[in-house]
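Report on one structure; see the data block that follows.
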Amino acid sequence: MTRLDTRPDPVEVDFEKSALVVVDMQNAFASKGGLLDLAGIDVSGAQAVVDTIQGLLEAARAARMQIVYLQTGYKPDLSNGGGASSPNPRKETALCLMRARPELKGQLLVEGTWDFEIVPALAPKPGDIVVLKTRYSGFAGTTLDSVLRAREIRYLFFVGIATNVCVESTIRDAYFHEYWPILVTDGTMQAGPPAAQEATIYNVESFFGWTLSSATLIASLPRPGRPAA
């Protein structure tokens, strides 16, 4: 076990039973011209997050930590987005925007589109796991829990966009499923004002898990020929 300098207090983790969970690092959320940008949400901080996650991925792969990507996507006919009885089409940004702007129909978070794709700098590699989802939480209607349990993974380090929506939703469900959730604060970006990022950090530290910086995590990871810090 490795003792990490997390907030609000230190926590011990087993890196052999850990995964780096990359949440929705797709063009929709991280690129100009993507969903969030089209919805009028500031994505100017996304490149810094991409750079941070890129460094984390390199370090995690060198440490042989499991990488898990969560990727939001709808079928071209939107049949898995939720019907008239579902609240999802009333609140989910892509579905709302495509309804409000018919010229965007079939272009936002639809499987096979540019918007749906993970940004090239963070493309999955052999051995990485990709879990498709149609709701904010990576656990809702997916194989994520069974995939993690089959590998005896108990500790989850979270990065991605948006901190206050899909990242926080998945962290809450991870906590409810008895995983140990740890948010990498500089590897995430909120959808909305900075206060949204601060609110999620407060929620995680107070109620659902722990936080740390990417530098702290990288410095603690085991490297070839060197045990974990």
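Brief remarks on what is shown
- Members of the stretch 132-153 that are aliphatic (A, V, I, L, M) and assigned to a loop (DSSP other than H, G, I, E, B): Ala140, Ile153
To keep it simple, each residue is scored yes or no on (1) among the aromatic types (Phe, Trp, Tyr); (2) touching a strand residue (DSSP E or B) at 6+ places or on another chain (Cβ under 7 Å); (3) buried (at least 21 other Cβ atoms within 10 Å of the Cβ).
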{"site": "Thr142", "(1), (2), (3)": "no, yes, no"}
{"site": "Ala150", "(1), (2), (3)": "no, no, no"}
{"site": "Arg154", "(1), (2), (3)": "no, yes, no"}
{"site": "Phe158", "(1), (2), (3)": "yes, yes, yes"}
{"site": "Thr163", "(1), (2), (3)": "no, yes, yes"}
{"site": "Asp173", "(1), (2), (3)": "no, no, no"}
{"site": "Leu217", "(1), (2), (3)": "no, yes, yes"}
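- Test: residue in the stretch 9-30 that is closer than 20 Å to Gly138 by Cβ, modelled with pLDDT of 95 or more and of a type in the set (Phe, Trp, Tyr): yes
- Unique match (being within 15 Å of Val184 (Cα to Cα), in a helix (DSSP H, G or I) and of a type in the set (A, V, I, L, M, F, W, C)) among Leu20, Leu57: Leu57
- Residue selected from the stretch 23-44 under the condition surrounded by 15 or more Cβ atoms within 10 Å (Cβ to Cβ) and either basic (Lys, Arg) or assigned to a loop (DSSP other than H, G, I, E, B) (or both), by the criterion nearest to the chain's Cα centre (by Cα): Asp24
- Condition broken by Asp37, with the remaining ones in (1) free of Cβ contacts under 8 Å to residues at least 12 places away in the same chain; (2) touching a Lys or Arg at 6+ places or on another chain (Cβ under 7 Å) satisfied: (2)
- Residue within the stretch 109-131 that is of a type in the set (Val, Ile, Thr), assigned to a helix (DSSP H, G or I), on the phi < 0 side of the Ramachandran plot and touching a strand residue (DSSP E or B) at 6+ places or on another chain (Cβ under 8 Å) present: no
- Cβ-Cβ contacts under 9 Å between residues 6 or more apart (or on different chains), taken from a first residue in the stretch 218-229 that is within 20 Å of Leu183 (Cβ to Cβ) to a second residue that is of a type in the set (S, T, N, Q) and modelled with pLDDT of 70 or more, are listed as Ser220/Thr2; Leu221/Thr2; Ala228/Thr2; Ala228/Ser220; Ala229/Thr2; Ala229/Ser220.
- For Gln66, the requirement of being touching a residue at least 40 places away in the same chain (Cβ under 8 Å), over 20 Å from Ala140 (Cα atoms) and surrounded by 15 or more Cβ atoms within 10 Å (Cβ to Cβ) is met.
- Considering the stretch 154-229, the qualifying strands (runs of 3 or more DSSP E), each wholly inside and each with 3 or more residues that are under 25 Å from Ala140 (Cα atoms), run over 155-161, 180-189.
- Of all residue pairs spaced 6 or more apart or on separate chains, those with beta-carbon atoms under 7 Å, a first member in the stretch 148-167 that is without any contact (Cβ under 8 Å) to a residue 60 or more places away in the chain and a second member that is of a type in the set (A, V, I, L, M) and not in a helix (DSSP H, G or I) are Thr163/Met189; Asn164/Ala191; Val165/Ala191.
The values are calculated or read from the model by the stated rules, or taken from the named source; none is laboratory data. Bear in mind that the values here come from a model prediction, so they are computed numbers and not experimental data. Note that we place each Cβ from the backbone using ideal geometry, even for glycine, and neighbour counts take in every protein chain shown.
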